[in-house]
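The values are calculated or read from the model by the stated rules, or taken from the named source; none is laboratory data. In this text the structure is predicted, and so the values were computed from the model without any measurement. Heads up, the Cβs are rebuilt from the backbone with ideal geometry, glycines too, and the neighbour counts pull from every protein chain shown. Each accessible area value is taken on the protein alone, full model and side chains, heavy atoms only, with ligands, DNA and RNA left out. Shrake-Rupley method; radii C 1.70, N 1.55, O 1.52, S 1.80 Å.
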Amino acid sequence: MSHTVQIKTELKNPKSVEKACERLKWDCQLNSSAVLYDGKSVHGAIVTIPGWRYSACVKEDGSIATDTFNNRWGDIADLDQLKKYYAVEETKSTLAAQGIYSREYLNEKDQSITLTAEVHH
């Protein structure tokens, strides 16, 4: 039997943020700080996204702090990619910790990812 779920993603696990960044080939510095356009310092996982004027900061509460200046300094769609790969990595990690095998499939047409988990009774 198969089940489909929808997940609201909060990026609370720094290791999964780091793994998502590795997949995207983006630099990620855990437990670091950066300064945004408004001069405020932010602390968390600092993500350097190619083509962005300022880094993004994944804060401890799971939120993301950055400044895209209405997509002029960075494309907000890039953050959707980060969230997508974070969700995949966090789910795989959680399943593995419970001894559940998972397999990942990429839909070439729309770039969506499907994870299947095998549970044996």
Response to the item:
Going through the stretch 61-77 in order, the residues found to be in a loop (DSSP other than H, G, I, E, B), within 20 Å of Leu30 (Cβ to Cβ) and open to solvent by less than 80 Å² (accessible area, probe 1.4 Å) are Gly62, Ser63, Thr66
Practice prompt. Output the number of the condition that Ala34 fails; it satisfies all remaining conditions of (1) surrounded by 12 or more Cβ atoms within 10 Å (Cβ to Cβ); (2) in a helix (DSSP H, G or I).
Written response: (2)
Worksheet item: Mind checking which residues of the stretch 78-114 are farther than 27 Å from Thr48 by Cβ and either in contact (Cβ under 8 Å) with a residue 40 or more places away in the chain or assigned to a strand (DSSP E or B) (or both)?
Response: Tyr101, Ser102, Arg103, Tyr105, Thr114
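I'd like to know if the stretch 14-30 contains one or more residues that are over 26 Å from Leu115 (Cα atoms) and either open to solvent by 70 Å² or more (accessible area, probe 1.4 Å) or aliphatic (A, V, I, L, M) (or both). Full working, then the answer.
To start, the set of residues in the stretch 14-30 that are over 26 Å from Leu115 (Cα atoms) comprises 29-30.
Subsequent filtering for residues that are either open to solvent by 70 Å² or more (accessible area, probe 1.4 Å) or aliphatic (A, V, I, L, M) (or both) retains 29-30.
There is at least one residue in the stretch 14-30 that is over 26 Å from Leu115 (Cα atoms) and either open to solvent by 70 Å² or more (accessible area, probe 1.4 Å) or aliphatic (A, V, I, L, M) (or both).
Would it be correct to say that Glu10 is among the charged types (D, E, K, R), at negative phi, modelled with pLDDT under 95 and surrounded by 14 or more Cβ atoms within 10 Å (Cβ to Cβ)?
Values: among the charged types (D, E, K, R): yes; at negative phi: yes; modelled with pLDDT under 95: yes; surrounded by 14 or more Cβ atoms within 10 Å (Cβ to Cβ): yes.
Considered against the rule, which asks whether it is among the charged types (D, E, K, R), at negative phi, modelled with pLDDT under 95 and surrounded by 14 or more Cβ atoms within 10 Å (Cβ to Cβ), Glu10 comes out as yes.
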